[in-house]
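Peer 1: Take a look at this one; I'll ask things after.
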Amino acid sequence: MLLDNIKRLCKENKTSICAVERTLGIGNGTIGKWDVCSPRLDIVKKVADHFGTTVDELLKEDDKK
């Protein structure tokens, strides 16, 4: 859910997860691991701010399923 939302935002903004990590100073591969481990809230907040959205929106389940 979280990783899927970030992937969607990357696609919509014509960027990559690697580029977001680089821009925010997050370790390479950190976001990609969020499907199997829990992220730190401060990093999720940075990602949300980067995309101009909220943490709640990043965590929101896709209603289309």
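The values are calculated or read from the model by the stated rules, or taken from the named source; none is laboratory data. Not measured: the values here are computed from a predicted model. Here the Cβ positions follow ideal geometry from the backbone for every residue, glycine too, while neighbour counts run over all protein chains shown.
Peer 1: Which residue is surrounded by the fewest Cβ atoms within 10 Å (Cβ to Cβ), if the candidates are limited to the range 17-46 and must be assigned to a helix (DSSP H, G or I) and β-branched (V, I, T)?
Peer 2: That would be T23.
Peer 1: If K65 meets every condition in (1) more than 11 Å from the chain's Cα centre (by Cα); (2) at pLDDT 95 or above apart from one, which number is that one?
Peer 2: So the condition that K65 fails would be (2).
Peer 1: Let me ask you something else. Between a residue in the range 1-16 that is part of a helix (DSSP H, G or I) and any residue that is at pLDDT 95 or above and among the polar types (S, T, N, Q), which pairs come within a Cβ distance under 9 Å, given they are 6 or more apart or on different chains?
Peer 2: N5/T53; L9/T15; L9/T53; C10/S16
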